[in-house]
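Visitor: Structure provided below as structure tokens; questions to follow.
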Amino acid sequence: MASMSVINICNIVEEPPTRFAECAKISIGFEVRTVLEITGDDPDSAFLTEMPVEQPWIKDYDTIEGEGPTNWARRWDVTNWRLLSAYSNGKPIGSCVVARDTPGVDMLQGRSDLTAIWDLRVVCHYRRRGIGSQLFKAAVGWARGQKCRELHVETQNINVPACRLYQRQGCRLRSIDRFAYQGFLDEIRMIWSLEL
């Protein structure tokens, strides 16, 4: 079994949208053990408190009908999207999909100078070893190379590890939407942003 030490260097490769199906081979599922309770609706003054859940559960966004990497090209023009794949010893251990200048993606606000991290996933036994941080930094580098001025990323209050990752990378909470997910009323949409 691999040690749980931080992997300081992994090889990150930029790949075209035609490789999105490779993302689906890496589970995005995670166990929800805690959630962020959000006091207030103003992102600048909201107070986030991590609270344990009564009964942990597994959340897997790829199991939601119409979601997942194999559906993206059917729903949007992914010409301006890229896959950043992380490899260790030749094996895929994570991926990050970045999107820009795509009509219909509300997180991009119709702006050509904004990039969104659409999807970030790491192989389960490589999580909490720095791979997500390296992929995030690669996404920032890609966005800067595209002359973007800001990066956005969406997560939910039930994904505490993702929220903590974005905070550590210097993101600020940009918006809170308690009613974004009609099928999941117990989840709060959180958009994080980073000025580039």
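Visitor: Report, by residue number, each residue of the stretch 129-145 that is within 17 Å of MET107 (Cα to Cα) and either over 11 Å from the mean Cα position of the chain (by Cα) or part of a strand (DSSP E or B) (or both).
Guide: Residues satisfying the conditions are VAL140, ALA143.
Visitor: Then there is this: Kindly indicate whether any position in the stretch 98-115 is aliphatic (A, V, I, L, M), touching a residue at least 40 places away in the same chain (Cβ under 8 Å), touching a Phe, Trp or Tyr at 6+ places or on another chain (Cβ under 7 Å) and part of a strand (DSSP E or B). First the steps, then the outcome.
Guide: Pass one, the stretch 98-115, residues aliphatic (A, V, I, L, M): 98-99, 105, 107-108, 114.
Next cut, touching a residue at least 40 places away in the same chain (Cβ under 8 Å) only: 98, 107-108.
So of that shortlist, the ones also touching a Phe, Trp or Tyr at 6+ places or on another chain (Cβ under 7 Å) come out as 98.
Checking which are part of a strand (DSSP E or B) leaves us with 98.
Yes.
Visitor: Another one. Of the residues in the stretch 113-135, how many are in contact with a strand residue (DSSP E or B) (Cβ under 7 Å, 6 or more places away or on another chain) and small (Gly, Ala, Ser)?
Guide: 2
Visitor: Related question: Residue by residue through the stretch 156-174, note down the ones that are surrounded by 17 or more Cβ atoms within 10 Å (Cβ to Cβ) and polar (S, T, N, Q).
Guide: GLN156, ASN157, ASN159, GLN169
Visitor: Select, from GLY40, GLY90, GLY68, the only residue that is buried (at least 17 other Cβ atoms within 10 Å of the Cβ), at positive phi and not aromatic (Phe, Trp, Tyr).
Guide: On the way: GLY40 fails: buried (at least 17 other Cβ atoms within 10 Å of the Cβ); GLY90 fails: buried (at least 17 other Cβ atoms within 10 Å of the Cβ).
That would be GLY68, the only listed residue that is buried (at least 17 other Cβ atoms within 10 Å of the Cβ), at positive phi and not aromatic (Phe, Trp, Tyr).
Visitor: Got at least one residue in the stretch 48-61 being part of a loop (DSSP other than H, G, I, E, B) and not acidic (Asp, Glu)?
Guide: Our first condition is that a residue be part of a loop (DSSP other than H, G, I, E, B); within the stretch 48-61, this holds for 60.
Among the residues that remain, those that are also not acidic (Asp, Glu) are: none.
No, the conditions are met nowhere in the stretch 48-61.
Visitor: Here's another thing I want to ask about it. Just for the stretch 1-35: of the residues that are assigned to a loop (DSSP other than H, G, I, E, B) and of a type in the set (S, T, N, Q), which one is modelled with the lowest pLDDT?
Guide: Initially, the stretch 1-35 is screened for residues assigned to a loop (DSSP other than H, G, I, E, B), giving 1-10, 16, 26-29.
After this cut, where a residue has to be of a type in the set (S, T, N, Q) as well, the list is 3, 5, 8, 27.
Working: SER3: 46, SER5: 68, ASN8: 62, SER27: 95.
Applying the filter and picking the extreme gives SER3.
Visitor: Ok, one more. Consider GLU54 against the criteria (1) of a type in the set (D, E, K, R); (2) at pLDDT 95 or above; (3) surrounded by 11 or more Cβ atoms within 10 Å (Cβ to Cβ): it satisfies all of them except one. Which criterion is unmet?
Guide: (3)
The values are calculated or read from the model by the stated rules, or taken from the named source; none is laboratory data. All values derive from a computational prediction rather than experimental measurement. Cβ coordinates were reconstructed from backbone atoms using ideal geometry, including for glycine residues, and neighbour counts include every protein chain displayed.
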